[in-house]
Amino acid sequence: MAATPLAVPQNLSSHHSQSHFSFANCVNLKQSHHRIHPRSTLVAPNGVSTPHKFSSFKKLSKPITVLGHNSKFLQMGSQETQKLSINSMASDCGSTSATLSKRVLGIAHLVVSLGIILVVEKLLKKAFVAAAIKFPSALFGMFCIFSILMILDSTIPDAATSLMSFFEPALLFIQRWLPLFYVPSLVILPLSVRDIPAASGLKICYIIFGGWFASLCVAGFTAIAVRKIVKTEMIDAEPMAKPSPFSPTEVWAWSGVFLISFVAALFYPTALGTSARTCLPFLLASTVLGYMVGSGLPSDVKKVFHPIICCTLSADLAALAFGYLSKSGLDPVLGNYLTKVSSNPGAGDILMGFLGSVILSFAFSMFKQRKCLEATIEVVPSLWE
């Protein structure tokens with residue numbers, strides 16, 4: 001079938017006029033759409049006439065908004081973004097509140113568990129004093145706690161585990177600050193050795209260091225000899241939880257306590273009723289700071305400069321500085337450090353007040369290492385064979 005020739009409008013006499021349907025004309029359609037007949041014909045560049053209803057242009061005469069405020073897509077995205085942000089804020093608030101509540105519960109758990117140990121130790125001490133029993137009350141309490149744990153472990157193991165878990169915060173606290181509880185006797189050492197003659201002092205040092213070295217040698221060789229006799233193998237100790245290291249926040253907090261209480265004691269020597277109570281905060285803070293600094297030293301340094309020595313020197317230097325600035329001397333300040341009077345305690349009395357609790361805590365440590373104790377008990381009968 002022959003192709004039908006296409007009719008070309010007469011008003012478009014040239015190819016240029018046929019192909020020139022400019023962008024400006026399209027834009028002007030908005031302004032002149034009311035003058036264009038709905039049945040007008042558009043001419044394509046190839047000269048083909050195409051009928052088109054310009055009603056569609058009329059519909060597009062309004063500004064074209066690709067993503068307007070009524071767009072459902074954008075509304076969904078906005079709602080999802082808001083939901084995500086709200087959920088993230090809620091999760092952050094929830095995590096913060098959960099962390100805060102966890103810390104509060106941890107502190108309360110520590111206070112309760114440590115308080116029970118302290119109360120039990122004080123009650124035992126009063127009972128032994130009232131009954132005029134010379135045996136150490138804390139040592140008796142340690143054996144009682146260990147026996148209770150062993151009985152529970154053999155009958156109700158879950159109860160023994162729960163009891164250990166309950167007192168774990170108190171045990172970690174005691175383990176963390178254990179060296180401080182033995183420091184007061186070293187801090188007041190200048191008062192104790194002042195009236196000792198030099199010859200007697202040398203003898204005392206010889207007995208202390210010579211006896212310490214001899215006891216270590218005897219204990220070591222005895223253990224080796226027993227192992228050879230019974231032909232037993234070494235048993236690894238049970239892993240023990242380690243307390244957390246000291247943070248910079250703790251160091252700065254104790255430093256602030258030391259500075260404020262030191263200055264306050266200089267200007268108000270009896271602000272807390274007695275000089276011992278007034279000196280207690282800065283002397284305690286100086287001891288704690290010395291222990292923190294000593295604990296942070298490298299391991300090679302701590303072999304020579306032990307944290308106990310560090311905190312002892314720190315407390316003595318603080319007492320010396322206060323005695324010099326207050327013009328009272330070193331002896332009265334050291335006397336206020338350890339008064340041995342319950343109604344007028346010093347910093348050393350507070351620290352030494354934990355010694356009984358330390359002995360009670362040894363029962364839990366013994367229970368953790370009960371496998372080693374059982375192996376030792378099994379070895380004893382073979383020594384008599």
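Any residue that is within 30 Å of Asp153 (Cα to Cα), in a helix (DSSP H, G or I), open to solvent by 50 Å² or more (accessible area, probe 1.4 Å) and β-branched (Val, Ile, Thr) - is there at least one of those in segment 307-328? If you could, list the steps in order and put the result at the bottom.
Residues of segment 307-328 within 30 Å of Asp153 (Cα to Cα): none.
Within segment 307-328, none of the residues are within 30 Å of Asp153 (Cα to Cα), in a helix (DSSP H, G or I), open to solvent by 50 Å² or more (accessible area, probe 1.4 Å) and β-branched (Val, Ile, Thr).
Does segment 220-229 contain at least one residue that is open to solvent by 60 Å² or more (accessible area, probe 1.4 Å), out of contact with any Lys or Arg (no Cβ under 7 Å at 6 or more places or on another chain), at pLDDT 80 or above and closer than 30 Å to Gly323 by Cα?
Taking segment 220-229 as the starting set, the residues that turn out to be open to solvent by 60 Å² or more (accessible area, probe 1.4 Å) are 221-222, 224, 227-229.
Filter again for out of contact with any Lys or Arg (no Cβ under 7 Å at 6 or more places or on another chain), leaving 221-222, 224, 227-229.
Applying the additional criterion that residues be at pLDDT 80 or above yields 221-222, 224.
If we keep only those that are closer than 30 Å to Gly323 by Cα as well, we get none.
There is no residue in segment 220-229 that is open to solvent by 60 Å² or more (accessible area, probe 1.4 Å), out of contact with any Lys or Arg (no Cβ under 7 Å at 6 or more places or on another chain), at pLDDT 80 or above and closer than 30 Å to Gly323 by Cα.
Which condition does Ala315 not pass, out of (1) in contact (Cβ under 8 Å) with a residue 12 or more places away in the chain; (2) farther than 17 Å from Phe262 by Cβ, if it passes all the others?
(2)
Those residues that are open to solvent by less than 90 Å² (accessible area, probe 1.4 Å) and in a helix (DSSP H, G or I), I need them from segment 247-261; list them, please.
First, the residues of segment 247-261 that are open to solvent by less than 90 Å² (accessible area, probe 1.4 Å): 247, 250-251, 253-258, 261.
Listed by number, the residues that qualify are Glu250, Val251, Ala253, Trp254, Ser255, Gly256, Val257, Phe258, Ser261.
Give, as residue ranges, the helices (runs of 4 or more DSSP H) completely inside segment 132-217 that count at least 3 residues that are open to solvent by less than 60 Å² (accessible area, probe 1.4 Å).
On the way: elements: 137-155, 157-166, 168-177, 184-187, 189-192.
Answer list for segment 132-217: 137-155, 157-166, 168-177.
Does any residue in segment 193-207 that is over 22 Å from Asp331 (Cα atoms) and at pLDDT 80 or above come within less than 8 Å, Cβ to Cβ, of a residue that is open to solvent by less than 80 Å² (accessible area, probe 1.4 Å) and of a type outside the set (D, E, K, R) six or more places away or on a different chain, and which pairs are these?
Filtered contacts from segment 193-207: Ile204/Ile196.
Can you tell me which residue in segment 340-379 is most open to solvent (accessible area, probe 1.4 Å), limited to those that are at pLDDT below 90 and β-branched (Val, Ile, Thr)?
If we take residues in segment 340-379 being at pLDDT below 90 and β-branched (Val, Ile, Thr), then Ile377 is most open to solvent (accessible area, probe 1.4 Å).
Cβ-Cβ under 7 Å, sequence separation 6+ or interchain: first residue in segment 242-260 and farther than 18 Å from Ala315 by Cα, partner assigned to a loop (DSSP other than H, G, I, E, B) and not hydrophobic (A, V, I, L, M, F, W, C). Which pairs?
Close Cβ pairs satisfying both conditions: Phe246/Gly296.
Please verify whether segment 351-362 includes one or more residues that are under 29 Å from Phe167 (Cα atoms) and either part of a loop (DSSP other than H, G, I, E, B) or in contact with a strand residue (DSSP E or B) (Cβ under 9 Å, 6 or more places away or on another chain) (or both). Spell out the reasoning first.
Initially, segment 351-362 is screened for residues under 29 Å from Phe167 (Cα atoms), giving 351-362.
Next, only the ones that are either part of a loop (DSSP other than H, G, I, E, B) or in contact with a strand residue (DSSP E or B) (Cβ under 9 Å, 6 or more places away or on another chain) (or both) stay: 353-354.
Within segment 351-362 (the criterion being under 29 Å from Phe167 (Cα atoms) and either part of a loop (DSSP other than H, G, I, E, B) or in contact with a strand residue (DSSP E or B) (Cβ under 9 Å, 6 or more places away or on another chain) (or both)), the answer is yes, since at least one residue qualifies.
State whether one or more residues within segment 230-246 are modelled with pLDDT of 75 or more, part of a helix (DSSP H, G or I), under 43 Å from the mean Cα position of the chain (by Cα) and not β-branched (Val, Ile, Thr).
Here is the first cut: in segment 230-246, the ones modelled with pLDDT of 75 or more are 244-246.
If we keep only those that are part of a helix (DSSP H, G or I) too, we end up with none.
Checked against the condition, which is being modelled with pLDDT of 75 or more, part of a helix (DSSP H, G or I), under 43 Å from the mean Cα position of the chain (by Cα) and not β-branched (Val, Ile, Thr), segment 230-246 yields no hits at all.
Hey, among the residues in segment 262-276 that are surrounded by fewer than 16 Cβ atoms within 10 Å (Cβ to Cβ) and of a type in the set (Val, Ile, Thr), which one's farthest from Val333 (Cα to Cα)?
Step one: of segment 262-276, the residues surrounded by fewer than 16 Cβ atoms within 10 Å (Cβ to Cβ) are 263-264, 266-271, 273.
Restricting the remaining residues to those that are of a type in the set (Val, Ile, Thr) gives 263, 270.
Values: Val263: 15, Thr270: 13 Å.
Here the residue is Val263.
Filter segment 281-306 down to residues that are in contact with a helix residue (DSSP H, G or I) (Cβ under 6 Å, 6 or more places away or on another chain), open to solvent by 20 Å² or more (accessible area, probe 1.4 Å) and among the small types (Gly, Ala, Ser), then give me how many there are.
Residues in segment 281-306 being in contact with a helix residue (DSSP H, G or I) (Cβ under 6 Å, 6 or more places away or on another chain), open to solvent by 20 Å² or more (accessible area, probe 1.4 Å) and among the small types (Gly, Ala, Ser): 1 in total.
The values are calculated or read from the model by the stated rules, or taken from the named source; none is laboratory data. Since the model is a prediction, treat every value here as computed from it, not as a measurement. Using ideal geometry, Cβ is built from the backbone for each residue, glycine included, and neighbour counts are taken over all protein chains shown. Side chains are part of the model used for accessible areas, which takes the heavy atoms of the whole protein and leaves out ligands, DNA and RNA. Shrake-Rupley method; radii C 1.70, N 1.55, O 1.52, S 1.80 Å.
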